[in-house]
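Enquirer: Handing you this structure, nothing more for now.
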Amino acid sequence: MVAQPTRPVVVVNTRAVARLRYGHPWVYRSDVVSSEGAGPGAMVEVKNERGRFLGSAFYSTASEITLRLLSSGKIDKLAELVRQRVRDAVEYRKKVVRDTDAYRVVFSEADGLPGLIVDRYNDDLVLEALAQATDDRELKQVVVAELVRQFAPAGIVERAEPRIRRLEKLPPPEGRLLYGEKSETVFTMNGVRYQYRALSGQKTGAFLDQRENYAAAAAYAHGDALDVFCYQGGFVLHLARACPRVTGVDSSRPALEQAEQNAALNPGLPEIDWIEANAFDLLKDYAAAGRQYDMIVLDPPAFARSRRVLQTALRGYKELNLRALKMLRPGGILVTCSCSYHVGEGEFVEMLASAACDAHRSVRILEKRGQSKDHPVVLTIPETSYLKCVIATVSI
Ligand code: SAH
């Protein structure tokens, strides 16, 4: 018989027990009763105050999210469990991902691999460790080996977001190749081509969570289109296939430069105007000048990074949406998004209603959408659902 490895035990209070039982994998620091012997990134056994076993979790010494539950059972061989979860994640995508060679392969808690993200861009893969436990060298090697087996990629790059690494007290990021040689590639979403450069320029990659919304928006595309947070052309290049005149605006010059290069990868598109500007100022100026559009896309960065700034964020969203609604011709289409988890769908739609009212426009909702299915939403983990995308039409 193989002896079970002894793991440190972390005892949690009744509030944590209720949360775990509900199906949410997090335990906050304030709900931890004791954690003797648990080091950074350790695999631990979780118990209630009466000593009852609740599951196995990743431990963090730094994050407010002290425990991330991996399993309600004992874990004998972590490597095996991780391999199986990666395989399951890949299988799930085979069922739900269409018309793209770029998508999220592993989405952290939503795939039972808390603190791990893997994205695919054609023959390049990108791995990101967001927690002490997943930043472990051996664990990353296990993931890389399984990804190589599944995809035979030309390269696997490690990406790191400095802000998240600071929260987890992890050493400063270094973007680097974990496997193979290739860190640049061209990928195709819904038939539109984009370049991906993992180690140079803007390292964010594409907004893969918007992929299905690009296609949905393109189905309504007509006339003059304006996208004021266009980044590397996600929406713009989709709309340009149907709209004779398209303008992409962003405050980031490198994003616009990449957008322009992306446009060149797609022959047959009309001339696109790329403008470096602050979206708020530009919308104000264009509205004052009486400009009109048939389609406007609003996909700003997250305005509400915490619940505390919700009201300020909603004011920001409202200002943008109000101006956009005023500039749409009758029959015009608004595609409006929020990637702030703290702004709920109800609040977002209410904000839009209030903007429509102030703009004196009658607005019909065509579609209420979320993130693409490769970013699964787990019903009992509300944090996995964050993107809102409303497509609406202005009738008068
Ligand atoms: N819709 C894009 C993603 C947008 S991300 C896509 O699907 O690919 C948000 C973008 O807003 C970033 O490119 C960022 O540079 C830009 N941005 C942030 N603040 C801005 C501002 N005040 N005015 C214009 N662009 C801004």
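Enquirer: Specify which residue in the list 180, 24, 196 is farthest towards the positive end of the charge dipole of the chain, using unit charges on the beta carbon of Lys, Arg (+1) and Asp, Glu (-1), about the Cα centre.
Expert: Positive-most Cα among the choices belongs to 24.
Enquirer: Using only Cα atoms, figure out Rg for the range 248-292 and give it as a multiple of 2.2 N^0.38 Å.
Expert: Expressed relative to 2.2 N^0.38 Å, the Cα Rg reads 1.33.
Enquirer: Follow-up question, since we're still on this one. What percentage of the solvent-accessible surface of the chain, computed with a 1.4 Å probe over protein heavy atoms, is contributed by carbon and sulfur atoms?
Expert: About 50 percent, which is the carbon plus sulfur part of the accessible surface.
Enquirer: Still on this structure, please answer the following. For residue 257, project a label point 7 Å along Cα to C-beta. Then give me every residue of the range 218-234 with its amide nitrogen under 20 Å of that point.
Expert: 229-234
Enquirer: Another question about this same structure. Two decimals is fine: what is log10 I(q)/I(0) at q = 0.18, 0.23 Å⁻¹ for the range 245-343, from a Debye sum with one equal scatterer on every Cα and no solvent?
Expert: With one equal scatterer per Cα and no solvent, log10 I(q)/I(0) is -0.97, -1.27.
Enquirer: According to the Kirkwood expression over distinct Cα-Cα pairs, how big is the hydrodynamic radius of the chain, in Å?
Expert: 22.6 Å
Enquirer: Once you order the gyration tensor axes a ≥ b ≥ c over the Cα atoms, which shape class does the range 73-194 get: rounded for a/c under 1.5, otherwise prolate or oblate by comparing a/b with b/c?
Expert: oblate
Enquirer: Pick out, from 272, 312, 286, the residue whose Cα sits farthest towards the positive end of the charge dipole of the range 269-322, with +1 on the Cβ of Lys and Arg and -1 on the Cβ of Asp and Glu.
Expert: Ranked along the dipole, the leading option is 312.
Enquirer: Return the FRET efficiency for the residue pair residue 50, residue 77: r is the Cβ-Cβ distance, R0 is 25 Å, and the value is rounded to the nearest 0.05.
Expert: For residue 50 and residue 77, the calculated efficiency is 0.30.
Enquirer: Cα atoms only: what Rg and Dmax, in Å, come out for the range 181-339?
Expert: 15.5, 52
Enquirer: Please report the net charge: other residues with Cβ closer than 13 Å to the Cβ of residue 122, K and R +1, D and E -1.
Expert: -1
Enquirer: Continuing with this model, one more query. Toward the positive end of the charge dipole of the chain, about the Cα centre and with charges on Cβ (Lys, Arg +1; Asp, Glu -1), which of 73, 384, 295 goes farthest?
Expert: 73
Enquirer: Please list, or write none, the aspartates and glutamates whose alpha carbon is within less than 16 Å of the alpha carbon of residue 388, excluding same-chain residues fewer than 8 places away.
Expert: 209, 212, 299, 345, 347, 350, 367, 374
Enquirer: Shifting gears a bit: What's the magnitude of the charge dipole for the chain around its Cα centre, counting Lys and Arg as +1 and Asp and Glu as -1 at the beta-carbon? Answer in Debye, nearest 20.
Expert: Roughly 980 debye for the chain.
Enquirer: Hey, another quick one. Treating each Cα of the range 329-396 as an identical point scatterer and ignoring solvent, apply the Debye formula and state log10 I(q)/I(0) at q = 0.18, 0.19, 0.20 Å⁻¹.
Expert: Each listed q maps to, in turn, -0.69, -0.75, -0.81.
Enquirer: Let me ask something else about it. In Å², what does the accessible area per residue of the range 188-270 work out to with a 1.4 Å probe?
Expert: Per residue, the range 188-270 has 36 Å² of solvent-accessible surface.
Enquirer: Separate question: Before I look further, what does the range 13-133 give for accessible area per residue, probe 1.4 Å, in whole square angstrom?
Expert: 42 Å²
Enquirer: Under a Cβ-only charge scheme (Lys and Arg +1, Asp and Glu -1), can you give me the dipole magnitude of the range 177-249 about the Cα centre, in debye to the nearest 20?
Expert: Roughly 140 debye, rounded to the nearest 20.
Enquirer: Go from 0 up to the bin containing the longest alpha carbon distance in the range 1-126, width 5 Å each, and give me the % of pairs per bin.
Expert: Final binned percentages: 2, 10, 19, 20, 16, 12, 9, 6, 3, 1, 0.
Enquirer: What figure in square angstrom, to the nearest 10, would you give for the accessible area of residue 286 with a 1.4 Å probe?
Expert: Probe radius 1.4 Å; accessible area of residue 286 about 30 Å².
Enquirer: What whole number of Å gives the distance from the Cα centroid of the range 363-396 to the Cα centroid of the range 248-322?
Expert: 19 Å
The values are calculated or read from the model by the stated rules, or taken from the named source; none is laboratory data. Bear in mind the structure is a predicted one, so any value in this text is a computation, not a measurement. Here the Cβ is made from the backbone with ideal geometry for all residues, glycine too, and neighbour counts use every protein chain on show. These area figures cover heavy atoms from the full protein model, side chains too; ligands, DNA and RNA do not enter into them. Shrake-Rupley method; radii C 1.70, N 1.55, O 1.52, S 1.80 Å.
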